[in-house]
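Structure record follows, encoded as structure tokens.
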Amino acid sequence: MMDFPVELFRGADTPFYYYNLELLRQTLSCIKSSIPASNFKVHYAMKANANPVILEQINDAGLGIDAVSGGEIKAAISAGFDPQKIVFAGVGKTDAEIIYGINTGISAFNVESLPELEVISEIATSLNKTANVAIRVNPNIDAHTHHYITTGLAENKFGINLEQLDSVIEKCNALTGVELIGLHFHIGSQITDNTPFAVLCERINSLQNELEAKGVRLKTINVGGGLGIDYDNPDENPIPDFKSYFEVFSKNLNLRPGQELHFELGRSIVAQCGSLITKVLYVKKGTTKQFAIVDAGMTDLIRPALYQAYHKIDNLSSNGVLEKYDVVGPICESSDVFQEDAVLPQVRRGDLLALRSAGAYGEIMASQYNLRRLPGSIAK
Ligand code: LLP
């Protein structure tokens, strides 16, 4: 089991997120050493976790940012990221966010529709600027992941369909406020088999050939994020296999001379370094089951309730005999269950449990439902 600094946890208000910064640094240095060429650029998808302590480490490692709101751009700037390393994605950018992005000098907008392209051009023109845009193409690839987090299928709200791509490129050339710099793709999240990424490379290759024949030259190809992590074995596999992941692209993607390849990785960077630490309030015996009722709920970590996601649970306070528990939160919703039939060393009131692999899409998705306080965090 990961070493938890339990002495630091004494007296802290539970539930809270614990971030193992050493693991985060190791993960970031693994990314650095796995990058096969200097034209591979990794952006951190900030939507996974925007805790300032995490952002500081990621900025120190020299990564860029993939932002999806004005709020995220602002957080990136205050964490010290260079605007020139920020890309801005999202299907519903507001006028205020577009103005802010242009004035901040971000490197590119990932554009998801024709009307959005027109608005960006109009706003940029009115500010006497030109906005760099990458067109998000929907490559119609099944990423074989949970249907709530697959994004690259044709009937999805994201991106521009392949059939409409030509007309959107023409529009880019016709509009005065935008400059087309690249194409952007993202096929889904928590992808644990590299095959869909190889398929994506093939799609991009044929698309580039077609576009090149029409005289379209692109400075960047952005393949999004999606690399999955091992939720079942966080101790055995604390760092994803970045090397094999990047290799899929260096082997299968035909980049043009001078072309940059961008990535937007979220989960794979921050998931394993974070755990939600919660205190057991009551152990309740049912007729056939026993329940460990903890002070964290779906408001602190919504992934199990929302996606039936599994987070391994460790009991940090006991070496007792193994028993089965349904680990449940205090919220008035029957989906507020972290795990059914979790096998844990005997659980008593006051024990601390760690819900593992919660560094991505954990703290950032917390809510105040039931007027609960938002979880705090401890990083070491
Ligand atoms: N780029 C784009 C355009 C995205 O939509 C996403 C994630 C990423 C990059 C980062 O993907 P990652 O490397 O983290 O897989 N809340 C869900 C995950 C939603 C992912 C949304 N988009 C969860 O808890 O599983």
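Here ILE35 clears all of (1) touching a residue at least 24 places away in the same chain (Cβ under 8 Å); (2) within 13 Å of the ligand (Cβ to nearest atom) except the condition numbered (2). Against the criterion of being basic (Lys, Arg) and either within 23 Å of LEU23 (Cβ to Cβ) or touching a Phe, Trp or Tyr at 6+ places or on another chain (Cβ under 6 Å) (or both), ARG356 qualifies. Here LYS243 meets the list (1) surrounded by 14 or more Cβ atoms within 10 Å (Cβ to Cβ); (2) under 30 Å from GLU72 (Cα atoms) almost entirely, failing just condition (1).
Residues in region 249-278 that are in contact with a Leu (Cβ under 9 Å, 6 or more places away or on another chain) and more than 10 Å from the ligand (Cβ to nearest atom): 15 in all. The residues in region 160-203 that are within 14 Å of the ligand (Cβ to nearest atom), hydrophobic (A, V, I, L, M, F, W, C), assigned to a loop (DSSP other than H, G, I, E, B) and at pLDDT 95 or above can be counted, and the count is 1.
The requirement of being assigned to a helix (DSSP H, G or I) and aromatic (Phe, Trp, Tyr) is fulfilled somewhere in region 4-13, by at least one residue. Once region 341-380 is narrowed to residues that are under 17 Å from LEU306 (Cα atoms) and either free of Cβ contacts under 8 Å to residues at least 24 places away in the same chain or of a type in the set (Phe, Trp, Tyr) (or both), the residue that is surrounded by the fewest Cβ atoms within 10 Å (Cβ to Cβ) is TYR369.
If you take the residues in region 279-311 that are of a type in the set (Ser, Thr, Tyr) and free of Cβ contacts under 8 Å to residues at least 24 places away in the same chain, which one is nearest to the ligand (Cβ to nearest atom)? Among those residues, the one meeting the criterion is THR288.
If the condition is being under 24 Å from ARG373 (Cα atoms) and either out of contact with any strand residue (DSSP E or B) (no Cβ under 7 Å at 6 or more places or on another chain) or part of a loop (DSSP other than H, G, I, E, B) (or both), then region 318-347 contributes GLY329, PRO330, ILE331, CYS332, GLU333, SER334, SER335, ASP336. Listed by position, the strands (runs of 3 or more DSSP E) inside region 204-298 whose residues that are of a type outside the set (S, T, N, Q) number at least 3 are 260-265, 274-285, 290-294.
The values are calculated or read from the model by the stated rules, or taken from the named source; none is laboratory data. Being a predicted model, the structure only gives us computed values, none of them experimental. Note that we place each Cβ from the backbone using ideal geometry, even for glycine, and neighbour counts take in every protein chain shown.
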